[in-house]
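J.: First the structure, then my questions, so here it is.
The values are calculated or read from the model by the stated rules, or taken from the named source; none is laboratory data. Note that the coordinates shown come from a computational prediction; the quantities given were computed from them, not determined experimentally. Neighbour counts run over all protein chains shown; Cβ positions are idealised from the backbone, glycine included.
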Amino acid sequence: MKSGSNLEKVLEAGQFAVTTELGPPKGTDISIVKKKAEFLRGMVDAVNVTDCQTAVVRLSSIATSAVLVQMGIEPVMQMTCRDRNRIAIQSDIFGASALGIKNILAISGDHHSFGNQKNARKVFDIDSMQMLALVKRMRDEKKILNDETIIQGEVPMFIGAAANPFAPPLEFRAMHLRKKIESGADFIQTQSIYDIDKFREWMNIVRDMGLDRRCAILAGLTPLKSHVMAKYMAENVPGMHIPDPVLKRIAGVPREKAAEEGIRIFCEHVEQLKEIRGVAGIHIMAIEWEHKIPEIAERAKLLPRPVI
Amino acid sequence: MIKARRKPIEEIFGMIKDYRRILCTGCGGCTSVCLAGGQRETLMLRQDLSMLCKQKGINAFFSVSVIERQCNPEYLSDIEDLVQQSDCVISTACGAGVQFLAGRYSTKPVFPGLNTMFTGVDISTGLYMERCRSCGDCQLGYTGGICPVTCCSKSLFNGPCGGTNLDGSCEVSRDIPCAWNEIYNRLKAQNRLENILSIHPPMEWTDKGPGILVQSGYENRYNKKN
């Protein structure tokens, strides 16, 4: 075991893993975190905690993750390269480990021009690829960057990375995934998938390269709540691709039935993704829909979650 | 070369409004080439400021002098008399020139007339594009001559990020191409993809004080003084 996290154990046991995400509040009200987290208890194997997603200032990912640990719900702490230099990144990883956080997702982060601090200075001192290698070095060699002394204590992190199978340069995306695995990624959570055929093609390449055997690939899914949301996501969310038939299907039902249709599409997609060889699990990004996760997980036949 | 643009006239006015004899010093170097701080632009600055002062009932006297380059001590010395006769100086050089002028005449208030934007290229007359962040460790060798530090909105060394739009543009704007998409396409066309298949390690930034460059061949002259 690299980290001993529940997510690692579930994947190690060959079970189909399920993760979801929790968005921290814009402020200090921990009761919001606790309320959202209770909906997720027992429904998933681990819960991603977003790190100031869309570059909007929120309760920190590390503090929110620590609250989940206290509640006995396993977090995947997301950490972006956008807001921290390498000193802060390493220090925060120490902090996260010390607080009992065992999964990390190393990502670039949405550009700050999307958020509510548009004139912030970007950091990107190291990139997500370099952060993966850094966490692996901290965990496996017990060393930080450019320093050969052994650190005090362990950094048992299960290391995650993001992948977008749909964005240009398409041909490079699988090679880019290989780079991430070589850097240290133990698991991958993909961008939201709406085009199953395209994803299947990508997985063919990934399998041909043997990458599915070197890391656990969790297929990302976001249930659509309405036509407006689907259209917004297709047009505004970085790297998002929603094919027309899906948009039309959501648009084709009355507004009050759109969410139901979104869940139906979600369940169908889960079925199809389960059939694709090399897919190790599902990552549900149900944006501000934490309370719907019990119903979604149930209907998609993702329950009960294994206890290992 | 360095590209710059004039500050809003009201902002410049705010800096000089308490002075009466004002010297506008242009630069014949980069800011002249990018049509922001050369002869013509410095004369225009004087004209605009004079007019504004008149409107506000301020009686100020402006003189103009354009020197070859403000980032060179000899050229700066050429305007000693003019500077001494003035209450303050507006420089339309880049930020480096403004500082050099301010240091050379350290008892005189020196104000910037321009905002220095970037090191860039001339796309066309009056249209410039940033191309270099002076990172001190040129990456262009393995990126097909496209700078990831400058042209990628996140300055990624192992890009692309997941945000590339389907049309190959950057998540930040449809008007900005994804630098890593371009890097990939160019390297592929040159059959050099192996350049980006391995992981590029973290950059060794040298972010401290002002950088100093001793050109090759000049080490003995400068390093012994230390």
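J.: Of the conditions (1) at pLDDT below 95; (2) over 30 Å from A:Asp195 (Cα atoms), B:His200 fails just one. Which one is it?
T.: Checking B:His200 against (1) at pLDDT below 95; (2) over 30 Å from A:Asp195 (Cα atoms), the one that fails is (1).
J.: Related question: So how many residues does segment B:208-226 have that are of a type outside the set (Gly, Ala, Ser) and either touching a residue at least 24 places away in the same chain (Cβ under 8 Å) or in contact with a helix residue (DSSP H, G or I) (Cβ under 6 Å, 6 or more places away or on another chain) (or both)?
T.: From segment B:208-226, those of a type outside the set (Gly, Ala, Ser) are B:208, B:210, B:212-215, B:218-226; that's our starting set.
From what's left, either touching a residue at least 24 places away in the same chain (Cβ under 8 Å) or in contact with a helix residue (DSSP H, G or I) (Cβ under 6 Å, 6 or more places away or on another chain) (or both): B:214.
Number satisfying all stated conditions: 1.
J.: Still on this structure, please answer the following. Name the residues in segment A:69-92 that are assigned to a helix (DSSP H, G or I), without any contact (Cβ under 8 Å) to a residue 40 or more places away in the chain and touching a strand residue (DSSP E or B) at 6+ places or on another chain (Cβ under 9 Å), would you?
T.: A:Val69, A:Asp92
J.: Report, by residue number, each residue of segment A:1-22 that is touching a helix residue (DSSP H, G or I) at 6+ places or on another chain (Cβ under 8 Å) and either among the aromatic types (Phe, Trp, Tyr) or surrounded by fewer than 22 Cβ atoms within 10 Å (Cβ to Cβ) (or both).
T.: A:Met1, A:Lys2, A:Ser3, A:Phe16
J.: While we're on this one: Could you look through segment A:96-133, keep only residues that are within 14 Å of chain B (Cβ to nearest Cβ) and on the phi > 0 side of the Ramachandran plot, and pick out the one that is surrounded by the most Cβ atoms within 10 Å (Cβ to Cβ)?
T.: Going residue by residue through segment A:96-133, those that are within 14 Å of chain B (Cβ to nearest Cβ) are A:105-115, A:118-133.
Now narrow it down to the ones that are on the phi > 0 side of the Ramachandran plot: A:109, A:124.
Values: A:Gly109: 27, A:Phe124: 24.
In this case the residue turns out to be A:Gly109.
J.: If A:Lys136 meets every condition in (1) of a type outside the set (S, T, N, Q); (2) surrounded by fewer than 23 Cβ atoms within 10 Å (Cβ to Cβ); (3) at the interface with chain B (Cβ under 9 Å from one of its Cβ atoms) apart from one, which number is that one?
T.: (3)
J.: When segment A:236-289 is examined, which residues are found to be β-branched (Val, Ile, Thr) and away from chain B (no Cβ under 14 Å)?
T.: If the condition is that a residue be β-branched (Val, Ile, Thr) and away from chain B (no Cβ under 14 Å), then A:Val246, A:Ile250, A:Val253, A:Ile263, A:Ile265, A:Val270, A:Ile276, A:Val279, A:Ile282, A:Ile284, A:Ile287 are the ones that fit.
J.: Could you run through segment B:121-175 and say how many residues are assigned to a strand (DSSP E or B) and not polar (S, T, N, Q)?
T.: 12
J.: Any chance segment A:53-61 includes a residue that's more than 17 Å from the chain's Cα centre (by Cα) and within 30 Å of A:Arg305 (Cβ to Cβ)?
T.: So far as segment A:53-61 goes, yes, one or more of its residues are more than 17 Å from the chain's Cα centre (by Cα) and within 30 Å of A:Arg305 (Cβ to Cβ).
Rundown of residues vs (1) within 14 Å of chain A (Cβ to nearest Cβ); (2) among the aromatic types (Phe, Trp, Tyr); (3) more than 23 Å from A:Asn85 (Cα to Cα), yes/no style:
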site: B:Ile90; (1), (2), (3): no, no, yes
site: B:Cys138; (1), (2), (3): no, no, no
site: B:Pro148; (1), (2), (3): yes, no, no
site: B:Thr164; (1), (2), (3): yes, no, yes
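J.: Where the second residue is aromatic (Phe, Trp, Tyr) and in a helix (DSSP H, G or I) and the first is at the interface with chain A (Cβ under 8 Å from one of its Cβ atoms) and farther than 16 Å from B:Pro160 by Cα and lies in segment B:193-207, which pairs have Cβ atoms under 6 Å and are six or more apart or on separate chains?
T.: Partner pairs satisfying both residue conditions: none exist.
J.: Quick check: is even one residue across segment B:143-160 touching a residue at least 24 places away in the same chain (Cβ under 8 Å), surrounded by fewer than 15 Cβ atoms within 10 Å (Cβ to Cβ) and either aromatic (Phe, Trp, Tyr) or farther than 24 Å from A:Gly239 by Cβ (or both)?
T.: Yes, because at least one residue in segment B:143-160 is touching a residue at least 24 places away in the same chain (Cβ under 8 Å), surrounded by fewer than 15 Cβ atoms within 10 Å (Cβ to Cβ) and either aromatic (Phe, Trp, Tyr) or farther than 24 Å from A:Gly239 by Cβ (or both).
J.: Restrict the check to segment A:154-169 and report whether at least one residue is outside any strand (DSSP E or B), more than 10 Å from chain B (Cβ to nearest Cβ) and either on the phi > 0 side of the Ramachandran plot or without any contact (Cβ under 8 Å) to a residue 60 or more places away in the chain (or both).
T.: yes
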